[in-house]
């Protein structure tokens, strides 16, 4: 009995790009679609789905899908599984592609051609795009395209994805192909105007990708492919091993036992510096815009809870979303550059031992690095970690990477309580404390990961690496630009709904019940104030007074909102954001003890508890288990360490 | 048999065979993945770098591709010297 899967999708032809990772497939995709793409998720999984539109000569528009790069049709990671499912026609909500473009790297035919043979077995009509022919030519690899086509029995088209018209030949072939197809009948499919396709899943096309193959058979197939590829390469005179000596020479520095790590640290340091210094100008612009809009609205409308809703709820929520976008974008810019250039796997390699000692692998490095800007894109980047246990552990420790949203709180407290002194001749004490806070977060994360390694059997097993180190290449600005825009859009889409809703909720808690007319709002009398009162009964043991407790609640929406909440508590809400910080400093340095301040700093290292992060955690991990564990253990650690810091400081100061 | 984890750096070798589960504790799935990445009998292989203490992981060139492998993974790859 055969099983039928009914797909609902847009009618019309679907082309899919497949290929190994690092073959320039995405650059080709960008080139073919001219940057007109839409990024979403595949149904039911957290794998990125990139679809674009390709316009042919006769103005007809084809849908083109950029499938995740894969080394084989026996998938290793969720990414690869999606590609395989789409090719088999069993991916949820996805149509089986009508035409494939198999992209291979002309400088690595050994690997590419094996993949082409595997793709050929799927039976889907395929064009082979021989990418990076310019690179190959510059190394003396001259490929007779016609001969290769003949050997493979498939059309091979040279492309240079990074050049403006590098896809010209490919587009011409596609034009010809689809002009022919237009007249040909559609086989075995009944398509109505809604584009409903009734496909039968059984069929010998699936045998090619069947996962019920015996392992020996799979291995034999791969060996057979290898032999065939060797034969083809010998016939074309391409079987010598020529490698990129430029790449090798770079690696002699970048992977040097001593130089390698040093260079890595320098690069990381430079990235962080840039992240903070480059983003100050845009962030100031955003702040000024916020102030301007706020004043306009306050001046145009009469005071009252409606105005307050718009200003303190909607506006500050919307601004809260984009405030840290500059920092996130700068960090992503560097990550994209490092990725395009081929350096990232080297960094993962250098860090692999360090990460391995706490039960993770080098692949956790990039997501954790991203978390320094904001944990949300960091958590989303964890899709690249194939091992599920590693992914969960990395998700759990990501919030400990000091995200930039904590900085306003850190700056306020350090500015108010840490004297401006120099230590050991030239080190600024304030800067040192800031650095110590960052370090504390990192050390805490490593410690937690290490404990999880000890306590779980899975943590002690060696996890596979088998990571390709592609040759170095110049990053392409156009690709980076597209990547950056996509990341920004995804981040905003993820976050704006949550933050807006939560900001309004917090505004509600902090504004109601309304004061009797004629009296100004006293925050202690609102719901938030009452909650804060209860909290302070527990948290006074770590030195938190009721003002702090109240502002922790809005702080869960966005850390910087904690500062405006503090401002409201101390009746400074009429001032702008900067005004609040400057005005707060002397107030709190008088009213709070040093122990309280340090305790609050410690608390923020562990548990600012950003609700948006929790929402993303739930989505990426597929349930509430991970977010709940995250919240509980972080609160626990925060309380313990704040307790220690508070009481130690009180003891030493008195 | 000589295995990749014991190879001399920058010396050309050829892959003889992948060692099975009993010898190394690496499962079938892992072996197939190594196969697919190109670690197939007859292919040339060179250890490029042993940056990390204890050579774990190490950088290896198989055919025209470069990979970072764990020592345990390299231990499953049996090699033989190439007569030049």
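With contributions of -39500 (n - 2.57) from each DSSP H run of at least four residues, the per-residue ellipticity at 222 nm computed over the protein assembly as shown stands at -17000 deg cm²/dmol.
Shielding value for B:28-36 is 6, the average number of Cβ atoms from other chains within 10 Å of each residue's Cβ.
Taking a ≥ b ≥ c as the square roots of the eigenvalues of the Cα gyration tensor, the stretch A:494-653 is oblate, since a/c reaches 1.5 or more and a/b is not larger than b/c.
Look at where the Cα atoms of the stretch A:408-454 and of the stretch A:14-38 average out, and the two centres are 43 Å apart. Report D for the stretch A:254-305 in µm² per second (integer): Stokes-Einstein, Kirkwood Rh on Cα pairs, 20 °C, 1.002 mPa s. D = 147 µm²/s.
Remark: the stretch A:276-371 is approximated by an ellipsoid whose semi-axes, taken from the C-alpha gyration tensor as √(5λ), come to 43, 15, 8 Å, largest first. Fully extending the segment from residue A:302 to residue A:60 would add 81.6 nm, taking 0.36 nm per residue of separation and subtracting the current Cα-Cα distance. Can you tell me the orientation of helix A:259-300 relative to chain A, as the angle in degrees between its alpha-carbon axis and the longest Cα principal axis, to the nearest 10? Once rounded, one gets 60 degrees.
As a calculated quantity, the FRET efficiency between residue A:530 and residue A:456 at R0 = 41 Å, using C-beta atoms, amounts to about 0.50.
Each label was represented as a point 7 Å from its Cα along the Cα-to-Cβ direction; for residue A:426 and residue A:235 these points are 6.7 nm apart.
Only alpha carbons enter this Debye calculation for chain B, each as an equal point scatterer, and the log10 of I(q)/I(0) it gives at q = 0.13, 0.14, 0.20 Å⁻¹ is -0.34, -0.39, -0.83. Remark: the protein assembly as shown is approximated by an ellipsoid whose semi-axes, taken from the C-alpha gyration tensor as √(5λ), come to 52, 32, 23 Å, largest first.
Roughly what % of DSSP beta bridges within chain A run antiparallel, to the nearest 5? Expressed as a percentage, antiparallel bridges in chain A total about 45. Compared with the dominant Cα axis of chain A, that is its longest principal axis, helix A:245-254 is turned about 20°. Output the 0 to 90 degree angle, nearest 10, between the alpha-carbon long axis of helix A:527-539 and the longest principal axis computed from the alpha carbons of chain A. Around 80 degrees separate the two axes. Taking the fewest neighbouring Cβ atoms within 10 Å as the starting point, the ordered list for A:596, A:159 is A:596, A:159. Shown for A:239, A:312: other C-beta atoms within 10 Å of each C-beta, ranked fewest to most, produce the order A:239, A:312. Averaged over peptide B:49-60, the number of partner chain Cβ atoms lying within 10 Å of each residue's Cβ comes to 5. With a simple spin-label model that places each label point 7 Å from the Cα along the Cα-to-Cβ direction, the separation between residue A:138 and residue A:633 comes to 4.7 nm.
Sort A:592, A:450 so that the residue with the fewest other Cβ atoms within 10 Å of its own Cβ comes first and the one with the most comes last.
Ordered by Cβ neighbours within 10 Å, fewest first: A:450, A:592.
Taken together, the values in this text are just the output of simple stated rules run on the coordinates, not laboratory data. All values derive from a computational prediction rather than experimental measurement. Cβ coordinates were reconstructed from backbone atoms using ideal geometry, including for glycine residues, and neighbour counts include every protein chain displayed.
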